[in-house]
Amino acid sequence: MSLYKLARDNDMETLTDRAKNSDSAAVRRRAAEMLGDVGDPGDDRTVDVLIHLARNDDDDSVRAAGVDALGDLGDGCVERLLAEEFGVDPAAADWAAVRAYAKALQSSVPEFRMAAANALGDLGDSDAVKPLVGGLGDDDPRVRERACYALGQIGDPRPVGKLKQRLDDDHGAVKAAAADALGTIASQPALSALVDLLDDDNPSIRRVAANALGNASSAEPVPMLASALGDEHDTVRRTAVFSIIELLSNAPTKQSHAVRDAVVSELKQADDETVLGPLTEILEDASQARQRRNAVWFLGRVTSDDPPDAVVDALVEALGDDDKMTAQFAATSISNLDGLYVESTLISLLRDDEASTEARAKAAYSLGDVGGSRAKEALDRITDEDVEKEVRKRAFASLSKLGGARQ
């Protein structure tokens with residue numbers, strides 16, 4: 001049975017057995033990774049097997065996977081590893097734990113140094129910055145990588161200069177981790193360093209930089225991200241779209257208005273696959289109302305008159321959004337569209353008795369802008385039916401615009 005199926009079926013007993021006893025290092029490593037993804041930190045067997053791998057496996061990639069899986073499990077699992085190896089009290093006060101983990105960061109075993117960096121990051125204590133900065137110069141790139149991530153978790157701006165130095169690291173994973181940390185810290189010097197990475201030769205680094213810039217607290221990086229919409233790699237372009245929306249959602253309203261029009265012109269020049277897919281995903285998945293509002297607003301301005309069906313579906317679905325401004329933006333954006341599918345989708349919503357009154361009323365309103373003879377027929381029928389007053393009102397108004405209102 002495959003490891004994937006074991007994880008899907010939650011067969012922890014067999015998965016832990018494969019992690020511990022398989023003759024293949026690749027299998028042990030992948031099983032450890034899956035235990036970190038699906039395991040329970042309260043399951044002593046899972047934690048014990050991962051600790052065993054981190055301490056005793058004869059393959060360094062498996063030991064590293066054991067350390068990272070313990071970190072993924074959370075709930076003090078890495079601390080249990082360090083407690084067993086160095087006698088650290090997992091319940092110690094933060095200052096004592098920082099001192100103990102800083103000592104473990106000097107271990108001759110790189111996997112223990114990795115674990116110590118992870119644990120210091122989990123603590124989130126600013127006293128951990130100094131030993132972690134020391135870890136940035138570790139001989140093992142895996143330790144440097146985890147020290148970068150840990151400094152990002154803490155978020156203290158003091159190590160920005162040292163993290164910038166790691167942007168020239170010979171190992172791409174370290175470079176990416178440093179970029180991620182700088183984006184999380186998001187101070188002005190940190191963001192300035194990331195902008196330079198948008199021109200890096202490595203597309204993975206450019207993607208990381210574009211993603212990290214989305215953590216800024218102002219819209220300042222938006223023009224730089226807009227330039228990344230022309231990147232030769234799709235993943236960089238799509239990431240730039242996500243970050244632009246994130247920045248405009250978080251920036252002060254006055255500041256975001258200053259760059260919106262410029263961003264629209266940039267988004268229009270990018271191909272549909274780059275722009276429309278990410279905007280649709282944001283509209284469907286974002287939990288913050290401001291993100292959905294921005295996605296709807298941009299879709300109405302960068303989508304062609306005859307857009308892909310997925311865009312129409314997302315905008316029509318947004319007519320029922322709990323956030324009234326998002327729903328209103330969706331109605332306005334739909335009014336800019338054209339095509340039989342737009343009309344058909346709106347008619348389906350109008351006829352859906354299970355949809356909210358607000359959504360059906362907005363569908364009726366939008367049909368007045370995009371509808372034809374089929375819309376007239378549907379709206380005319382609605383005015384005769386015993387439906388909500390607001391829906392009838394919008395239907396009459398749309399029929400007037402379409403020249404089909406009865407006197």
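The values are calculated or read from the model by the stated rules, or taken from the named source; none is laboratory data. Keep in mind that this is a model prediction, so the values were computed, not measured. For neighbour counting, all protein chains shown are included, and Cβ atoms are generated from backbone atoms with ideal geometry for every residue, glycine included. Remember, those area values only see protein heavy atoms, side chains included, never the ligands or the DNA or RNA. Shrake-Rupley method; radii C 1.70, N 1.55, O 1.52, S 1.80 Å.
Taking a ≥ b ≥ c as the square roots of the Cα gyration tensor eigenvalues, segment 341-407 comes out oblate, since a/c reaches at least 1.5 and a/b does not exceed b/c. Based on Cα contacts under 8 Å between residues 6+ apart, the chain shows a relative contact order of 6 percent. Rolling a 1.4 Å probe across the protein heavy atoms gives the chain an accessible surface of 46 Å² per residue. Restricting segment 287-383 to GluC sites (Glu not before Pro) that sit in a DSSP loop and have at most 13 other Cβ atoms within 10 Å of their own Cβ leaves GLU354. Shape analysis of segment 1-143 based on the Cα gyration tensor places the equivalent ellipsoid semi-axes at 27, 16, 12 Å, largest first. Relative to the longest principal axis of the Cα atoms of the chain, the long axis of helix 373-384 makes an angle of roughly 80 degrees.
Report the longest stretch of the chain that contains none of the trypsin sites (Lys or Arg not before Pro) sitting in a DSSP loop with at most 15 other Cβ atoms within 10 Å.
Values: sites that count: ARG351, ARG406.
Excluding the exposed sites themselves, the longest stretch runs over 1-350.
Summing +1 for each Lys or Arg and -1 for each Asp or Glu among the other residues whose beta-carbon sits under 10 angstrom from that of GLN291 gives +1. Values of log10 I(q)/I(0) for the chain across q = 0.14 Å⁻¹ run -1.12, by the Debye formula with one identical scatterer at each alpha carbon and no solvent. Selection among LEU81, MET12, GLY183 by position relative to the dipole of the chain gives GLY183 as farthest towards the positive end (Cβ unit charges, Cα centre).
Taking the centroid of alpha carbons for each part, segment 35-107 and segment 292-363 are 50 Å apart.
For the cross-link pairs LYS175/LYS268; LYS103/LYS164; LYS362/LYS389, the ones whose C-alpha atoms lie over 23 Å apart are LYS175/LYS268; LYS103/LYS164.
Summing charges over neighbours of ASP323, with a neighbour being any other residue whose Cβ is under 15 Å away from its Cβ, gives -1 when K and R count +1 and D and E count -1.
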